[in-house]
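Everything on this sheet refers to the single structure shown next.
The values are calculated or read from the model by the stated rules, or taken from the named source; none is laboratory data. These numbers were taken from a predicted model, which means no experiment stands behind them. Here the Cβ positions follow ideal geometry from the backbone for every residue, glycine too, while neighbour counts run over all protein chains shown.
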Amino acid sequence: MADYRWPEAGKRSLIGKRISRLDGPVKSSGRVKYTYDVDRPNMLYGKMVLSPYAQATIKSIDTSAAEKMPGVKAVQVMREPGAGILWAGQEVVAVAAETEEQARDAARRVVVNYEKLPHLVRDVEPAKAGDRAKPAAEQTEGDPDKAFQEAEVTVEGQYGCPVITHCCLEAHGQATEWEGDNLTVWASTQNVSGIGGEFASGLKIPAGNVRTLTPVMGGGFGSKFGADTWGLACAQLAKKAGRPVKMMLERDHELMVAGARPSIHAKVRVGAQKDGTITAWSSESWGTGGMGTGGSPRLPYVFRIPNQRKRHTAVLTNIGPARAWRAPNHPQLCLITMAALEDLAARLGIDPVEMFLKNIGMTGELSKVYAAELQKAAELIEWQKKWHPRGDKAPGVIKRGLGISLHTWGGGGHPSNCACAIHPDGSVEVSLGSQDLGTGTRTIIAIIAAETLGLPLEAVKVNIGDSHYPQSGGSGGSTTVGGVSASTRRATTNALNELLAKAAPSLGVENDQLEAVGGRIQVKGNPSKGMSWKQACAKLGTTLINATGQTSITTPTGPSARDLISSGVGGVQIAEVAVDIETGVVKLEKLVAVQDCGLIIDLKTAESQVYGGCIMGVCYALYEEKIMDEQTGRCLNPDMEFYKLAGIADIGELVVHMMTGPGYDERGVIGLGEPPVISSGAAISNAVANAIGVRVPTLPLTPDKVLAALEKGGAA
Ligand code: MOS
């Protein structure tokens with residue numbers, strides 16, 4: 001039985017070090033080609049006709065004028081007459097032409113007649129939504145009525161997050177090319193091994209005829225798992241024209257349709273003892289994720305408060321489809337819960353660090369992790385020195401405050417297959433049908449392979465981003481690092497064992513006496529007895545080693561889990577803000593993020609994930625909102641001027657601290673992409689409340705809302 005365990009702390013030459021992304025230079029110099037950059041010989045460009053109405057039925061489509069436009073080579077109807085439209089921006093017709101301009105001009109000549117139907121696009125309360133309000137069954141735990149009756153203190157509040165939208169640096173889209181019945185798709189996708197099947201069934205060709213290529217991609221965050229209507233239309237245009245077609249979404253289309261993060265709002269009551277012990281929770285929540293109902297959100301977040309009553313109502317709206325957005329639902333649930341709990345602490349006059357610690361047992365298995373993280377985060381933000389009770393009493397218009405939040409995520413590894421080839425010339429390749437969304441996956445795979453084989457990083461070639469490589473899971477749920485690290489460790493260990501068996505006879509030992517270290521195969525405890533890696537590989541003659549490794553779907557969970565990988569992480573963030581009470585402008589001064597993710601493969605890319613999460617967190621905390629116009633049913637800000645994101649000067653100082661070493665490493669590798677985005681909104685909202693003495697109930701914390709909250713009852 002091969003020993004796959006991770007090397008012990010003292011024996012790691014690459015794992016856990018700070019290693020820069022291997023594809024950094026080719027990306028930053030523009031040498032590597034994203035899907036957006038694909039330029040095939042004779043390639044055409046696709047553009048789409050979009051519905052201007054939020055709800056409608058298509059009555060007729062006339063493409064004849066468009067077909068006669070200069071440069072037009074193919075027209076594809078995407079939704080036939082009679083089909084319904086459920087949001088403005090939904091695709092109706094696609095056109096392929098010699099240039100983007102010609103395709104755009106031709107699309108304008110398509111005539112579509114609609115029967116307009118009533119829509120709802122505003123993020124309204126259920127009472128204002130009529131039959132579009134879909135209540136879910138009430139959920140209770142314990143005895144909430146009794147618990148509220150016996151509570152010494154009860155606080156009430158209303159909190160919420162609006163609908164925001166995906167805004168990946170690289171827009172959604174594909175380039176497609178046919179060779180007979182074989183289709184090649186260059187796709188900006190989180191799912192290289194998976195989307196081929198969707199193209200195949202949509203186009204009625206065998207799944208094996210589709211090859212997906214994604215050598216690099218410019219972000220997905222949960223919005224890029226499918227072939228999408230535009231992917232299929234792109235392939236249909238290419239088939240009709242007999243030429244390759246590229247069709248990437250325009251930025252306005254991207255912001256309209258490429259994935260709304262659902263809103264969640266809630267009226268919350270929390271019951272507690274005077275000493276800060278939390279005893280009861282009740283929430284009436286609602287929100288919209290487009291035309292889907294989703295299911296009841298899991299409130300309260302992280303803290304399993306013993307007595308609970310929860311009601312949730314989904315409101316169906318024509319805002320565009322909901323898609324998973326980095327830690328789906330967690331940031332919204334986190335905001336609602338952590339805001340309510342800090343409001344409780346403020347009412348009780350208790351330091352929130354103390355109150356969270358007092359109730360930390362309610363976080364379950366991760367309570368020790370949270371307690372350690374909370375203390376670390378408090379130390380890094382200088383809590384003792386800087387914290388004051390709610391409402392900054394210092395003179396002047398700039399009010400400062402601190403706010404806390406806790407979060408969790410699973411991050412167990414997905415199924416993954418890796419093939420490791422060792423060639424007689426000593427070169428090594430590892431191949432997986434995985435993808436690097438920009439997170440560092442390629443680098444992680446190289447580190448594990450090189451560590452296992454005792455080689456320098458540059459001696460390993462990593463092949464990913466091609467569906468012809470062994471199947472590996474889609475990159476969702478922060479499952480990639482676990483999935484690929486375990487399959488790569490197993491494949492490379494298996495390959496190495498075959499090589500050791502070839503080298504052992506000439507060294508006169510059994511193969512289990514050998515190790516691969518520093519580019520050599522040598523006898524354990526007697527390093528002078530051995531040979532170079534190349535000499536060992538030369539013994540393969542003309543037959544290369546081709547070994548495989550797999551991650552199966554049974555990922556152990558919980559802090560006590562012990563394997564190459566596991567799941568279940570905790571994180572704590574504390575924000576420090578300065579709020580100008582004359583202008584209402586919130587400035588993030590500092591955000592401390594303390595995060596656990598088990599065994600860290602690359603400290604630099606791990607920290608980079610946390611920085612990225614915090615940056616996205618600042619964006620949705622302070623700026624982002626998909627603003628819909630009820631009159632027209634359209635999105636009012638589908639552009640980079642009015643869909644507000646943070647600029648570099650808005651981010652403030654980010655302090656990242658990874659929990660690592662004994663107590664963490666033993667758990668194996670756990671995913672990290674999603675958790676660090678969860679707490680930022682809640683921590684910043686709590687910090688603003690601490691600064692100005694009053695809660696700004698909903699994100700984003702824009703100046704108008706800050707001023708409105710101050711007017712309603714600021715202490716400042
Ligand atoms: Mo994620 S939002 O599951 O890519």
* **Residue list for the stretch 21-68, filter: more than 17 Å from L169 (Cβ to Cβ) and among the acidic types (D, E)** => D39, D62, E67
* Asked: Which residues, counting only those in the stretch 290-309, are in a strand (DSSP E or B) and under 30 Å from S223 (Cβ atoms)?
  -> G292
* **Set S28, S20, S51: member being at pLDDT 95 or above, loosely packed, with under 15 Cβ neighbours inside 10 Å and among the small types (G, A, S)** => S20
* Identify all residues within the stretch 217-227 that are under 16 Å from P321 (Cβ atoms) and within 15 Å of the ligand (Cβ to nearest atom); write none if there are none. => G220, F221, G222, S223, K224, F225, G226
* Asked: For the stretch 666-716, what are the residues that are among the acidic types (D, E), at pLDDT 95 or above and closer than 30 Å to G412 by Cβ?
  -> E674
* Structure fact -> Residue hits (the stretch 148-185; touching a Ser or Thr at 6+ places or on another chain (Cβ under 8 Å), away from the ligand (no atom under 16 Å from the Cβ) and assigned to a loop (DSSP other than H, G, I, E, B)) are A151, P162, A171
* Do any residues in the stretch 380-395 that are assigned to a loop (DSSP other than H, G, I, E, B) have Cβ atoms under 8 Å from those of residues that are among the acidic types (D, E), where the two are at least six apart or on different chains, and which pairs are they? -> W387/D351
* Among the residues of the stretch 37-44, is there at least one that is within 30 Å of G661 (Cα to Cα) and surrounded by 22 or more Cβ atoms within 10 Å (Cβ to Cβ)? -> no
* **the stretch 420-435: number of residues that are in contact with a Ser or Thr (Cβ under 9 Å, 6 or more places away or on another chain) and either under 30 Å from S188 (Cα atoms) or surrounded by fewer than 17 Cβ atoms within 10 Å (Cβ to Cβ) (or both)** => 9
* To do: Just name the residue that is farthest from K502 (Cα to Cα) out of those in the stretch 523-537 that are under 43 Å from the mean Cα position of the chain (by Cα) and buried (at least 18 other Cβ atoms within 10 Å of the Cβ).
  => W533
* Asked: Here are some residues: G242, G197. Which one is at pLDDT 95 or above, touching a helix residue (DSSP H, G or I) at 6+ places or on another chain (Cβ under 7 Å) and surrounded by fewer than 24 Cβ atoms within 10 Å (Cβ to Cβ)?
  -> G197
* Report, by residue number, each residue of the stretch 317-351 that is free of Cβ contacts under 8 Å to residues at least 60 places away in the same chain and among the acidic types (D, E). => D351
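The rows are residues; the columns are (1) aliphatic (A, V, I, L, M); (2) surrounded by fewer than 20 Cβ atoms within 10 Å (Cβ to Cβ); (3) touching a Ser or Thr at 6+ places or on another chain (Cβ under 7 Å).
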site: I601; (1), (2), (3): yes, no, yes
site: P638; (1), (2), (3): no, no, no
site: E641; (1), (2), (3): no, yes, no
site: I651; (1), (2), (3): yes, yes, no
site: L672; (1), (2), (3): yes, no, yes
site: A689; (1), (2), (3): yes, no, no
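State whether one or more residues within the stretch 74-95 are under 30 Å from the mean Cα position of the chain (by Cα), within 30 Å of S283 (Cβ to Cβ) and among the aromatic types (F, W, Y).
Looking only at the stretch 74-95, we keep the residues that are under 30 Å from the mean Cα position of the chain (by Cα), and these are 78, 85-92, 94.
The next check asks that each one be within 30 Å of S283 (Cβ to Cβ); those that pass are 86-87.
Among the residues that remain, those that are also among the aromatic types (F, W, Y) are: 87.
Scanning the stretch 74-95 turns up at least one residue that is under 30 Å from the mean Cα position of the chain (by Cα), within 30 Å of S283 (Cβ to Cβ) and among the aromatic types (F, W, Y).
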* Structure fact -> Okay, strands (runs of 3 or more DSSP E) sitting entirely in the stretch 186-289 with 3 or more residues that are touching a Pro at 6+ places or on another chain (Cβ under 9 Å), I get 264-272, 278-287
* Asked: Do we find that T605 is modelled with pLDDT of 95 or more, over 18 Å from the mean Cα position of the chain (by Cα) and of a type in the set (S, T, N, Q) in this structure?
  -> no
* To do: Test D3 against the stated conditions and say whether it is touching a Ser or Thr at 6+ places or on another chain (Cβ under 8 Å) and not hydroxyl-bearing (S, T, Y).
  => yes
* Residue selected from the stretch 102-136 under the condition out of contact with any strand residue (DSSP E or B) (no Cβ under 7 Å at 6 or more places or on another chain) and touching a residue at least 60 places away in the same chain (Cβ under 8 Å), by the criterion surrounded by the fewest Cβ atoms within 10 Å (Cβ to Cβ) -> P118
* Across the stretch 436-465, which residue is nearest to the chain's Cα centre (by Cα) among those that are within 23 Å of S552 (Cβ to Cβ) and of a type in the set (D, E)? -> D436
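When only residues in the stretch 313-355 that are away from the ligand (no atom under 16 Å from the Cβ) and in a strand (DSSP E or B) count, which is surrounded by the fewest Cβ atoms within 10 Å (Cβ to Cβ)?
By that ranking, first place goes to T313.
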* To do: Scan the stretch 159-168 and give yes if some residue there is within 29 Å of the chain's Cα centre (by Cα), closer than 18 Å to G465 by Cβ, modelled with pLDDT of 95 or more and of a type in the set (S, T, N, Q), otherwise no.
  => no
